[in-house]
């Protein structure tokens, strides 16, 4: 029995309603870009102290999740988990869509998107930002080649090699994303090599959560069977990835507490940070990690689709809270310009920086998510990345040759 990939029919009112909603959000996001482009960033909540605002929260989350979304394909091609082989094309598609959505937000939030060609042709190789351009483009190229080897039957013998290169490159991509913050030694919130492995661990959790949500929505909307055993496997993987993310968060903060120079920041974030403290403990730790971890521990979790969907949605929400605390909270804490000395001036010395995201920032951020959703929906309709069935009978033959058939 062959595992058949088939396009979605995409003729239901629900499909067109969701497609129209995503398109409308994208248009609103483009309108927000037009406003910021013509009136300047003064219309946003960003300022000279907090230069990375809410759009960067969306962008970094999408880029990190893109790396983790490829993990399902990597498990099939690199680690020999053949039960995930039918889902490898969807995994690669989601990785590309999330990366494009995140990079679109980054490009449109920089203030001068018309100068992108200069950023792509003039490099300062001492800058981690310049290095990330190569990581982004390389990841895109490797995943596209990986998908080609999976979808073209005569290229199937190259899939393990392509999968290995894509796996290594996505590790480098997430390391580079974490290093953007880890290399900023002037910020007390950053300045840690632990941010690179932390982002790798978080990418596994965020990417799998997004993948499971998309898979369940696509199978439910198209009426395709999704086996309880496969759902249970994903739930167990999600438990491991959530625990790994929590572990690295714990190690990161314990490391900061060990160094006296970071005590003030840890006190600010963990105890006295107001919104940032609430988002950390309630959003990131409790609702985004502990609660879904407990919910997924049920012995019959494979039969509880609503619980799995709610748990993965909580992981995604906790991921946004974590990125907000990391990016915005890290900038809200004042710079220590002269360590060990008292500084007094009228230029925000020792003052906690205020930030309140404006409507254009929200619209641009959600537009990045909408762009990723549009790419996935259109690709599923016209290119056929989703297996015809994913019940137990189909999974038992997942090591058979995949065939792409028309609807």
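The values are calculated or read from the model by the stated rules, or taken from the named source; none is laboratory data. Quick caveat, the model's predicted, so the values are computed rather than measured. Neighbour counts are summed over all protein chains in view; Cβ atoms, including those assigned to glycine, are modelled from backbone coordinates with ideal geometry.
Details
- Remark: residue 320 matches the filter, which requires a residue to be surrounded by 15 or more Cβ atoms within 10 Å (Cβ to Cβ), modelled with pLDDT of 95 or more and under 21 Å from residue 179 (Cα atoms).
- Per-region count, the stretch 266-298, residues assigned to a helix (DSSP H, G or I), closer than 19 Å to residue 190 by Cβ and in contact with a helix residue (DSSP H, G or I) (Cβ under 7 Å, 6 or more places away or on another chain): 8
- Close contacts from the stretch 123-151, counting a first residue that is more than 19 Å from residue 178 (Cβ to Cβ) and a second that is modelled with pLDDT under 90 and not in a helix (DSSP H, G or I), with Cβ to Cβ under 7 Å and a gap of 6+ residues or different chains, come to 151/404.
- Within the stretch 172-190, the set of residues being within 19 Å of residue 263 (Cβ to Cβ) and in contact (Cβ under 8 Å) with a residue 40 or more places away in the chain comprises 186, 187, 188, 189, 190.
- In the condition set (1) under 22 Å from the mean Cα position of the chain (by Cα); (2) under 30 Å from residue 334 (Cα atoms), residue 264 is compliant with all but (1).
- Check on residue 387, crowded, with 18+ Cβ neighbours inside 10 Å, at pLDDT 80 or above, farther than 28 Å from residue 60 by Cβ and within 26 Å of the chain's Cα centre (by Cα): yes
- Checking each residue in the stretch 11-35 for being modelled with pLDDT under 90 and either under 26 Å from the mean Cα position of the chain (by Cα) or crowded, with 18+ Cβ neighbours inside 10 Å (or both) picks out only 14.
- Filtered by the rule that a residue be assigned to a loop (DSSP other than H, G, I, E, B) and over 16 Å from residue 90 (Cα atoms), the stretch 110-163 gives 110, 111, 112, 122, 123, 124, 125, 126, 127.
- Qualifying positions in the stretch 77-91 - over 14 Å from residue 387 (Cα atoms) and surrounded by 24 or more Cβ atoms within 10 Å (Cβ to Cβ): 77
- Filtered residues of the stretch 292-312 (kept if surrounded by fewer than 17 Cβ atoms within 10 Å (Cβ to Cβ) and either more than 24 Å from the chain's Cα centre (by Cα) or closer than 14 Å to residue 242 by Cα (or both)): 294, 297, 298, 299, 300, 303
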